[in-house]
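> This is the structure, below, for whatever I ask next.
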């Protein structure tokens, strides 16, 4: 694990601020966040609701603009890119996994997964072999021709993961990927994500409020009130030990570890 | 405390941007119904037209057709609205409101909307009826100012139609509320119609059957006039069934094959066009069939009406090549000419000397067919002097001119009888002349006696010599008049009417032209507005359907935008989808209507190609406005999907 942590910087956020609303009624959600993600890291971002974790993810993932500060991905300053360039950037460099899957209901599993490369110059044969490789890792090869309404939530989320990986992005952003899954499907998805991270060296940034999910990460960043509160590295610890550490930090964070209740 | 009414009011205000086109379409068609029924009951315009033009019957039929269209339109639109509000209907029930409450709530909303539209329709109708009368008078070629008063019976009838619409839509709403389960209501947009692969053999059979039915319909439409009523029903039935199968099976089968061959590598554009279309193929098959048939009917209606209106002058000229004609009345003719000259009207007067004999035209296919009839031999050289468009036939040969030929059966069939022989009996001897061919127009006005045969002057003189003294032999002097100036012709026509005030059946070109113009003017007036209602209905149904789909796909657009596809890339797929959704029914409908127009062309002698093309072009242009509206709506949704 250690050798993966020492790598080139993929994402660098410096002093990121985000304010919503107009001057009189402004809501300062991110208050100067610094974050560096290196190649092949699996970073978890945790925090209570309202701590700004989803906002941070959106800003890092170029879906939203920062109010202040810079975000560099693969050395490109994404705040300086035009909307068209941002679209192309997301298409080529980023992968997304959403809490509610966001698969296209009208497309089969395979069509959904191949969608991100539909406009790339990849040949059909290459795409096909890439699809087979990913579908095998995610264990959804047999579902290729099924539609989203015909498969389970866990299978849908693995399909979404496939869609996030097919174009070999620099970073995969995952927003509460296990949020809508039962614990069994959740752990099978996390196993797969860990496997992909380790075997293929895919960099993952995952927002979650679930300590179990973040215990799969190599590093967990805690947010509190729009600022980085602390960081935990997994190192050589077992997942269980790491989980306990995460729980301890959460307890200090204010007992809000059962998010939303 | 939120009352049902308060809730309804809020919901209506929220839905108004979805309803506005529905409202517009409903108000437009109902205003038109009001105007039509007003005109049907109004005497003022009726009194200005020729007594043979049946005014009120025309508007009555138009009114019935309007009711049918409005019925189809409201039921389709209401179905679409109910589908898009499924989740809302389900939510009310989920929070514990009874089905009865939900049904009542929907019905109150429906009645309030209906009342608003009714009021608007009657007010609009009353306001625009004047404009409509002006348009109508213009089309009829009449001048003058007509005051049309507010018609109470029309308002009553319009209200009755509304009542009917409200009853039908209320029943539709009750069925929706009472017959769907909560699960259905919440998954209305998620559940695809047809994703299972079509069964290969059955699909192939039905796909071919669809094409065969359409082909059979087209084939049969070619000789529809043999047994008009039965054939028309058969054609309609087979085309409707064929079109439905085409959309439901044939096109789906093609899509399925194409998609299967792509094996997942569908691409963005197809993912946004073909995939959602297949997703709702069953519902799409119904609405596309409906729209195809409505388009076909509308295009046929407008094209035929316009063809009639467009060719009035040509058609009348076929019957009456001369503005005025006097037969063996040189004194009358002369005094008429003097009256015209007194009014300062320029007139071209020519005298044509023709010969009338008895004789029979033989049928080469039927040796025993021999009917003796009056034959009018007209000298080509003299007719040419009058400015008639003709070629002088060689000596000994004749050409038959008959404007009403097509009434006697299929022209292609008839033309097989020519060339043939004409047999003349003179004093026990028979003489034969060659009859070269048939022309579908008259060379002398309709009321001239006998069959009109054009021959060279020499031939005519020879016949006169041979036949003089035989029974039925007569030399006829025709005084023909042409008035080149249109306005002077109108005055001349009224002078002629006074001049020949006796009981005889007289024909002058201008009076005849006016009468037919009024009939076809009424036809085009009704057809154009009915066509517009058809068009607005079909366009609106497509627009509503696409609007609903756009909203259902909103999340997909958001996802695609997040994945890094920009608005233009997504719009490319959407435009392809709209192209399929709008072009497919239009082009198939147009093909249907081309065959329908061909079938109906036996009613009209002039070429329908030009007026039909014009009518189709106008229809297409207006139709595409709806496609543009839809694309605009989509673009807005895709643009704002991220926020």
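> Identify, by number, the condition in (1) touching a strand residue (DSSP E or B) at 6+ places or on another chain (Cβ under 7 Å); (2) closer than 30 Å to residue A:105 by Cβ that residue B:289 doesn't meet.
Checking residue B:289 against (1) touching a strand residue (DSSP E or B) at 6+ places or on another chain (Cβ under 7 Å); (2) closer than 30 Å to residue A:105 by Cβ, the one that fails is (1).
> Out of B:288, B:334, I need the residue that is surrounded by fewer than 19 Cβ atoms within 10 Å (Cβ to Cβ) and either in contact with a helix residue (DSSP H, G or I) (Cβ under 6 Å, 6 or more places away or on another chain) or farther than 30 Å from residue B:77 by Cβ (or both). Which one? Break it down stepwise before answering.
Details: B:288 fails: surrounded by fewer than 19 Cβ atoms within 10 Å (Cβ to Cβ).
After applying the criteria, what remains is B:334.
So that you can scan it fast, the table gives a plain yes or no per residue for (1) closer than 19 Å to residue B:218 by Cα; (2) part of a helix (DSSP H, G or I):
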{"residue": "B:592", "(1), (2)": "yes, yes"}
{"residue": "B:598", "(1), (2)": "yes, yes"}
{"residue": "B:625", "(1), (2)": "no, yes"}
{"residue": "B:629", "(1), (2)": "no, yes"}
{"residue": "B:643", "(1), (2)": "no, no"}
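Listed here are the residues, each with its yes/no results for (1) over 30 Å from residue A:227 (Cα atoms); (2) surrounded by fewer than 16 Cβ atoms within 10 Å (Cβ to Cβ).
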site	(1), (2)
A:40	no, no
A:52	no, no
A:82	no, yes
A:108	yes, no
A:121	yes, yes
A:142	yes, yes
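> Follow-up question, since we're still on this one. Would you say residue A:161 is away from every other protein chain (no Cβ under 13 Å), surrounded by 16 or more Cβ atoms within 10 Å (Cβ to Cβ), at pLDDT 90 or above and under 21 Å from residue B:268 (Cβ atoms)?
Numbers: away from every other protein chain (no Cβ under 13 Å): yes; surrounded by 16 or more Cβ atoms within 10 Å (Cβ to Cβ): yes; at pLDDT 90 or above: yes; under 21 Å from residue B:268 (Cβ atoms): yes.
Taking the combined requirement at face value, the residue satisfies it.
> Let me ask something additional. Looking at (1) buried (at least 17 other Cβ atoms within 10 Å of the Cβ); (2) closer than 30 Å to residue B:518 by Cα, which is the only condition residue B:113 fails?
(2)
> Between A:21, A:32, A:47, A:7, which is under 11 Å from residue A:227 (Cα atoms) and either modelled with pLDDT under 85 or within 16 Å of the chain's Cα centre (by Cα) (or both)?
Only one candidate qualifies: A:47.
> Continuing with this model, one more query. Got a sec? Which of B:462, B:474, B:514 is at pLDDT below 90, closer than 22 Å to residue B:316 by Cα and over 17 Å from the mean Cα position of the chain (by Cα)?
Of B:462, B:474, B:514, the one residue that is at pLDDT below 90, closer than 22 Å to residue B:316 by Cα and over 17 Å from the mean Cα position of the chain (by Cα) is B:514.
> Let me ask another. Report the residue count in the stretch B:15-52 for those that are exposed (fewer than 11 other Cβ atoms within 10 Å of the Cβ), at pLDDT below 75 and in a helix (DSSP H, G or I).
Residues flagged as exposed (fewer than 11 other Cβ atoms within 10 Å of the Cβ), at pLDDT below 75 and in a helix (DSSP H, G or I) within the stretch B:15-52 amount to 1.
> Could I ask something else about it? Only strands (runs of 3 or more DSSP E) wholly contained in the stretch A:1-115 count here; list those with 1 or more residues that are touching a strand residue (DSSP E or B) at 6+ places or on another chain (Cβ under 7 Å) and within 14 Å of chain B (Cβ to nearest Cβ). Reasoning before the result, please.
Numbers: elements: A:9-20, A:27-38, A:42-46, A:68-73, A:94-97.
So the answer is A:9-20, A:68-73, A:94-97.
> Follow-up. Go through the residues of the stretch B:557-564 one by one and say whether even a single one is in contact with a helix residue (DSSP H, G or I) (Cβ under 9 Å, 6 or more places away or on another chain) and not in a helix (DSSP H, G or I).
yes
> Something else about it: Among (1) away from every other protein chain (no Cβ under 13 Å); (2) closer than 18 Å to residue B:281 by Cα; (3) surrounded by 23 or more Cβ atoms within 10 Å (Cβ to Cβ), which single condition is residue B:553 missing?
Tallying (1) away from every other protein chain (no Cβ under 13 Å); (2) closer than 18 Å to residue B:281 by Cα; (3) surrounded by 23 or more Cβ atoms within 10 Å (Cβ to Cβ), residue B:553 fails exactly one: (1).
> If you don't mind, another one. Yes or no: residue B:121 over 30 Å from residue B:184 (Cβ atoms), in the same structural domain as residue B:40 (by TED's automatic domain parsing) and surrounded by 18 or more Cβ atoms within 10 Å (Cβ to Cβ)? Break it down stepwise before answering.
Working: over 30 Å from residue B:184 (Cβ atoms): yes; in the same structural domain as residue B:40 (by TED's automatic domain parsing): yes; surrounded by 18 or more Cβ atoms within 10 Å (Cβ to Cβ): yes.
Criteria met by residue B:121.
> Right, next: Could you check the stretch B:112-155 and list, in sequence order, the residues that are more than 22 Å from residue B:530 (Cα to Cα) and in a helix (DSSP H, G or I)?
B:112, B:113, B:115, B:116, B:152
> Here's another thing I want to ask about it. If I ask for residues that are away from chain B (no Cβ under 11 Å) and part of a loop (DSSP other than H, G, I, E, B), which ones from the stretch A:116-132 would you list?
A:121
The values are calculated or read from the model by the stated rules, or taken from the named source; none is laboratory data. Keep in mind that what you see is a predicted model, and the values were worked out from it rather than measured. Note that each Cβ is placed from the backbone with ideal geometry, even for glycine, and that neighbours are counted across all protein chains shown.
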